[in-house]
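Only the coordinates and a few stated rules stand behind these numbers; no lab work does. Bear in mind the structure is a predicted one, so any value in this text is a computation, not a measurement. Because the Cβ atoms are built from the backbone with ideal geometry, glycine has one as well, and the counts that use them run over all protein chains shown.
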Amino acid sequence: MKKIRLGVVFSYIILFIFAFITVFPFIYMILGGLMNFQETTSIPPTLIPHHFEWSNYAKVFARAPFGRYFFNTVLTATVTTVVSLFNSLLGAFAMVNLRFKGKGVIQMVMLSLLMVPGEAIIFTNYNTIAHLGLLNTYIGLVLPFLTSIFYMYYLQSYFGSISTTIYKAAMIDGASDWDYIWKILVPMSKSGLFTVGLLSFISGWNSFLWPLLVTNEDTMRLLNNGLSAFASDAGSETQLQLAAATLTVLPILILYFIFRKQIIRGVVRNEIKG
Amino acid sequence: MKTNQKKAWLYLAPTIIFVTLFSIYPILRAFGMSFQSGSLIDLTWTGFNNYKYIFNDPEFWLAIKNTLLYAVISVPVGLAISIMLAWIIFDKVKHKALFETTFFMPYVTSTIAIGIVFRYIFNGDYGMLNFLLRAVHLPAPDWIDDPAMSLTTIIIFGIWSSLAFNIVILMGALRNIDPNFYTIADMYGASGKDKFWRITMPQLVPTIAFLLTMNIIGAFKIYTSVYALFNGAAGVGNSGTTAVFYIYNKFQTVGTPGVAMAATVVLFLIILFATFLQRKMMKKIGEN
């Protein structure tokens with residue numbers, strides 16, 4: 001009996017150590033963003049600021065157009081999410097409910113494209129966008145991401161679980177495919193679509209390499225690019241960098257805490273099937 | 001059936017158009033460009049010269065070496081820690097959702113932002129980590145500014161980031177194991193150790209195989225975390241350069257897209273090969 005207890009205690013200690021390591025950078029980021037400069041670089045390190053320097057945030061907004069970065073990020077992440085969800089929805093519907101020649105080929109091509117790392121095509125996509133004269137534009141930022149094979153594949157598995165007899169019954173009742181999609185399919189898979197939307201928005205929010213390539217004007221930057229540029233410019237002002245990092249992370253963290261169940265369930269479902 | 005045909009293609013049209021333009025075309029174009037030299041607006045055929053160039057470029061080999069070392073160390077270590085933590089949460093903890101939510105946080109948050117935080121935690125002089133190491137009289141290396149430490153720092157950050165996804169997926173798999181297995185094992189008086197190695201691990205093999213594949217692919221593409229840790233550079237004196245860093249540098253900074261694309265093709269083949277090899281191995285293990 002004693003031995004088992006010891007095992008449990010030991011397990012808990014390991015668990016708490018790792019949980020602490022996971023959470024600590026977030027806590028340090030938030031607290032560090034409220035310190036003054038001396039506190040961020042003091043030896044021994046300061047953990048709790050003596051006085052909360054809320055003015056750090058005013059300084060961050062004054063030094064770099066973070067408001068503009070926010071706007072750009074929300075806009076591109078929203079457009080990407082809505083349009084790619086719409087396109088994947090239509091595609092997934094066709095793959096699940098319609099019968100046509102070449103379906104097998106399409107499925108095979110899509111599945112093998114899932115294996116292609118984004119980093120392998122991002123540079124030639126830059127080339128395309130540059131040729132179209134779309135560098136430093138919102139269209140250039142979103143264009144390659146307006147459809148997602150990944151989400152289409154995910155929705156296919158979701159729609160597949162809705163019985164085809166419902167589709168057939170709707171057809172017999174004289175509904176069009178368009179009606180079926182919006183009046184039956186979408187309402188029935190609301191939670192799945194919502195989860196995909198959330199995941200897509202989060203990955204749009206955190207995108208870095210693509211906007212780094214296709215924008216070089218400060219007004220067109222997204223949050224993460226603005227943040228990394230600010231971190232180089234703000235140089236030694238550690239507390240401002242940490243405040244700016246907090247600004248970038250906090251909105252998503254709040255979204256995550258509200259929808260944590262949907263997000264985690266969505267990721268698990270996504271990956272297990274893939 | 002006839003009308004169905006047309007309709008189906010209509011619904012698929014947006015996807016097919018975008019995929020062709022921004023997934024299929026760029027792959028073919030990257031392959032083509034790897035045999036061309038010159039700047040983006042003036043490309044000429046050059047045969048295998050770009051490949052010859054990268055294979056003779058010590059910087060390319062350093063990038064490949066770093067990327068491979070990163071993958072070979074961070075993936076197994078990260079996965080082992082994840083399995084241990086997932087098992088503890090699953091087997092011993094009441095508030096499973098609380099821990100799952102906690103461990104998953106790094107997955108949704110920006111690598112750039114957290115990388116900046118790590119840069120200060122890892123700071124050689126005033127960083128929190130070295131403060132703790134000194135407190136217990138352990139060596140406190142200069143994690144960020146010492147070129148010899150670059151890769152180690154990248155690996156630690158990589159392991160920290162990888163736990164989130166692994167743990168959540170493993171928890172999903174653990175929940176799917178038939179609880180009757182454990183009930184029967186308990187009836188026969190199996191120890192916790194027995195249950196873990198005889199029931200849990202064999203049931204987890206497909207999930208572990210999947211995670212290995214995903215993690216290895218992810219490891220080969222490492223870029224953003226290095227960028228964030230070292231403030232846009234690949235460590236002091238390029239000591240922490242990676243494959244994608246090399247490609248980016250050759251493409252954007254040096255302006256030799258052909259060389260960059262040759263490196264892309266090589267990286268792509270390595271990823272394909274690693275995935276293939278790893279699947280084969282896991283199949284073997286699954287059969288035994």
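Computed from Cα atoms, the angle from the helix A:223-233 axis to the main principal axis of chain A rounds to 30 degrees.
Just to confirm the number: angle between the C-alpha axis of helix A:103-113 and the first principal axis of chain A, 0 to 90 degrees, nearest 10? Roughly 20 degrees between the two axes.
Once C-alpha pairs closer than 8 Å and six or more residues apart are averaged by separation and normalised to the residue number of segment B:41-195, the relative contact order reads 29 percent. Counting helices only, and only those DSSP H runs with n ≥ 4, report the 222 nm mean residue ellipticity of chain B as the sum of -39,500 (n - 2.57) divided by its residues, in deg cm²/dmol to the nearest 500. Only helices count here, giving -23000 deg cm²/dmol.
Fewest neighbouring Cβ atoms within 10 Å first, the residues B:ILE154, B:ILE184, B:ILE27 line up as B:ILE184, B:ILE27, B:ILE154.
Peptide A:187-195 has a mean shielding of 0, counted as Cβ atoms of other protein chains within 10 Å of each residue's Cβ. Each of A:ILE43 and B:LEU269 was given a label point 7 Å from its Cα along the Cα-to-Cβ line. The distance between the two points is 5.0 nm. Each Lys and Arg Cβ is given +1 and each Asp and Glu Cβ -1; about its Cα centre, segment B:142-275 then shows a dipole of about 320 debye. Charge dipole of segment A:161-240 (Cα centre as origin; +1 on each Lys and Arg Cβ, -1 on each Asp and Glu Cβ, all else neutral): 400 debye, rounded to the nearest 20. Residue by residue along A:94-101, Cβ atoms of other protein chains within 10 Å of the local Cβ number 6 on average.
Model label sites at A:ARG5 and A:PHE61, defined 7 Å from Cα along the beta-carbon direction, differ in position by 5.6 nm. Computed 3J(HN,Hα) for segment B:211-227, one whole-Hz value per residue from the Karplus formula 6.51 cos²θ - 1.76 cosθ + 1.60 where θ = phi - 60°, is 5, 4, 4, 4, 5, 5, 4, x, 5, 5, 9, 4, 8, 4, 5, 5, 3, glycine and proline marked x. For B:LYS6, list the lysines whose Cα falls under 17 Å from its own Cα; do not include residues on the same chain fewer than 8 positions away. Of all the lysines, those that pass the test against B:LYS6 - Cα under 17 Å, at least 8 places apart if same chain - are A:LYS101, A:LYS103.
Relative contact order of chain A, taken over Cα pairs closer than 8 Å and 6 or more residues apart, is 32 percent. Measuring nothing but how far apart in sequence close Cα pairs (under 8 Å, 6+ apart) lie, relative to its length, segment B:58-287 scores a relative contact order of 29 percent. Applying a DSSP loop filter and a limit of 16 other Cβ atoms within 10 Å to the trypsin sites (Lys or Arg not before Pro) in segment A:81-168 leaves A:ARG99, A:LYS101.
Phi angles across segment A:67-76 convert, under the Karplus curve 6.51 cos²θ - 1.76 cosθ + 1.60 with θ = phi - 60°, into 3J(HN,Hα) values of x, 5, 4, 4, 4, 4, 5, 4, 4, 5 Hz, Gly and Pro given as x.
Please label the shape of chain A as rounded, prolate or oblate, based on the square roots a ≥ b ≥ c of the eigenvalues of the alpha-carbon gyration tensor (a/c under 1.5 means rounded; beyond that, a/b larger than b/c means prolate, else oblate). Verdict is oblate for chain A. The residues neighbouring A:ALA170, those whose beta-carbon lies less than 14 Å from its own, together hold a net charge of -1 under the Lys/Arg +1, Asp/Glu -1 convention. Is the shape of segment B:58-287 rounded, prolate or oblate, going by the alpha carbon gyration tensor and its root eigenvalues a ≥ b ≥ c, with a/c under 1.5 for rounded and a/b larger than b/c for prolate? Oblate.
Under the classification rounded if a/c is under 1.5, otherwise prolate if a/b is larger than b/c and oblate if not, where does segment B:172-273 fall, given a ≥ b ≥ c as square roots of the Cα gyration tensor eigenvalues? In terms of gyration-tensor shape, prolate. Put in line by how crowded their Cβ is, counting other Cβ atoms within 10 Å and starting with the fewest, B:SER37, A:SER232 read A:SER232, B:SER37. Mean partner shielding of peptide A:16-23, defined as the number of other chain Cβ atoms within 10 Å of each residue Cβ, is 5.
Distance between the pseudo-spin-label points of B:ALA13 and A:SER112 (7 Å out from Cα toward the beta carbon): 2.7 nm.
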